[in-house]
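See below for the structure under consideration.
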Amino acid sequence: MAGIEFIDVCKSFDKHMVIENLSLKIKDGKFTVLVGPSGCGKTTLLRMIAGIGPATSGQIIMDNKDITDVDPGKRDVAMVFQNYAIYPTMTVRENIEFGLKNNKVPKEERDRLINEVMEAVNMKEYLDRKPGTLSGGQRQRIALARAMVKKPKVFLMDEPLSNLDAKLRVQMRVELIEIHEKLKTTFVYVTHDQVEAMSMADVIVLMDKGRIQQEGSPEEIYHDPNNVFIAQFIGSPPMNILNTPKEDKLGFRPEKGIMSNTAMDLAFKRRGKVSTREMLGSETIYKVVMGEYSVMIKSQNDHFSIGDDVVVNAAAEDLYIFDANGARIRGKEGSALKRLLATAEELSDV
């Protein structure tokens, strides 16, 4: 296992600075997910760790050793790609054995390692099959097994589930969590999918435009966002954000909004009309139009219909306030609380 540290790292392409003076510590043995929109720099960071896209400047430390200029093959990392990168003409066994043979690992040891990793990914009965006869999920497990057999200090994964259908993605997320629990190795996983990040990560590093916006556990990122970008990137549906004439912004999560026929004794309450209704089984998602504003409400109450007049309510403890630039104004007492309550009152119309 190994921790990784970026120290004042910069990366430019054709004189265009993609990442500038970035510092980050990835903890040993944790499942760390780099998440953000396309072009935010997350894959660039992963490639720097692998050594296939070296930093323009700065240092990269792994296991207390400077690997900034170390050849990719000597970094003790294994990378899993979204397109599997397995050899179609080789059997599953030959795919996994290929690297071991190149490293002159004895046959008895090769067989032991192959059996061990195939058991871990529940694929022992497929050893003599060709990849073309396997499903996408099975091929991704083979790619994982091939990485695991190297026993690397760090696993690097670049959107490995993006080519799978929705049901398989859910299944593979669970399997990856279980594999990480077995191996207790450092995982660095790149995705643009916030659901993957929230469901799999020990630590989320949320990026935008080459900068780290926030780093923390899924719970911290969700419940205590640093800014409007994070509040709306994480969460489905995203946080409702209402602008005010005074430029402050008020936010609340869709599941914290309460729909009712009459106003409740809460900090925020505003009349609206149900515009759309999505029944999702145990929950229903409503879009409520409130004059120039519209919000999404996720509720276990499914008895409202399109066209109904309702009041959207939210308690003070469930409200967030941001400044004109989108930065979070923290604090649930003193001046921060007064500012929040004043903003909520300004937006209320009941």
Legend entry - Residues within the range 85-95 that are at pLDDT 90 or above and among the aliphatic types (A, V, I, L, M), tallied: 2
Inset, instruction - Would you be able to say whether some residue in the range 264-285 is outside any loop (DSSP other than H, G, I, E, B), of a type outside the set (V, I, T) and under 12 Å from G251 (Cα atoms)? - result: yes
Legend entry - Residue satisfying condition, being out of contact with any strand residue (DSSP E or B) (no Cβ under 8 Å at 6 or more places or on another chain) and closer than 30 Å to V9 by Cβ, within set K65, K27, K104: K65
Inset, instruction - Among the helices (runs of 4 or more DSSP H) lying completely within the range 106-196, list those that include at least 2 residues that are within 23 Å of the chain's Cα centre (by Cα), assigned by TED's automatic domain parsing to the domain that holds T91 and within 23 Å of G3 (Cα to Cα). - result: 136-148, 166-183
Inset, instruction - Just one of (1) surrounded by 15 or more Cβ atoms within 10 Å (Cβ to Cβ); (2) more than 28 Å from the chain's Cα centre (by Cα) trips up I297, so point out which. - result: (2)
Legend entry - Output for the range 100-123, where each listed residue is surrounded by 15 or more Cβ atoms within 10 Å (Cβ to Cβ) and within 25 Å of E159 (Cα to Cα): I114, V117, M118, A120, V121, M123
Inset, instruction - Any residue in the range 181-197 that's within 16 Å of K27 (Cβ to Cβ): show its pairings with residues that are among the acidic types (D, E) at Cβ separation under 7 Å, as long as the two are six or more apart or on different chains. - result: T186/D28
Legend entry - Breaking point among (1) of a type outside the set (G, A, S); (2) more than 20 Å from E119 (Cα to Cα); (3) surrounded by fewer than 23 Cβ atoms within 10 Å (Cβ to Cβ), for H180: (2)
Inset, instruction - Inspect all residues belonging to the range 185-194 and state whether any of them is at pLDDT 90 or above and over 22 Å from L46 (Cβ atoms). - result: no
Inset, instruction - Answer with yes or no whether I306 is among the aliphatic types (A, V, I, L, M), touching a strand residue (DSSP E or B) at 6+ places or on another chain (Cβ under 7 Å) and either surrounded by 13 or more Cβ atoms within 10 Å (Cβ to Cβ) or not in a loop (DSSP other than H, G, I, E, B) (or both). - result: no
Inset, instruction - Kindly establish whether S348 is hydroxyl-bearing (S, T, Y), over 18 Å from K256 (Cα atoms) and either out of contact with any Ser or Thr (no Cβ under 8 Å at 6 or more places or on another chain) or surrounded by fewer than 18 Cβ atoms within 10 Å (Cβ to Cβ) (or both). - result: no
Inset, instruction - Considering each residue of the range 17-39, count those that are within 16 Å of the chain's Cα centre (by Cα), at negative phi and buried (at least 17 other Cβ atoms within 10 Å of the Cβ), and give that number. - result: 7
Inset, instruction - Determine if the range 318-333 includes at least one residue that is more than 16 Å from V228 (Cβ to Cβ), touching a helix residue (DSSP H, G or I) at 6+ places or on another chain (Cβ under 9 Å) and part of a strand (DSSP E or B). - result: no
Inset, instruction - Looking only at the range 97-111, decide whether some residue is at negative phi and touching an Asp or Glu at 6+ places or on another chain (Cβ under 6 Å). - result: yes
Inset, instruction - Please list, ordered by first then second residue, the pairs with beta carbon atoms under 8 Å, 6 or more apart or interchain, first in the range 322-350 and closer than 21 Å to V312 by Cα and free of Cβ contacts under 8 Å to residues at least 24 places away in the same chain, second assigned to a loop (DSSP other than H, G, I, E, B) and not aromatic (F, W, Y). - result: L337/G331
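The values are calculated or read from the model by the stated rules, or taken from the named source; none is laboratory data. Keep in mind the model is a prediction, meaning the values are calculated, not measured. Cβ coordinates were reconstructed from backbone atoms using ideal geometry, including for glycine residues, and neighbour counts include every protein chain displayed.
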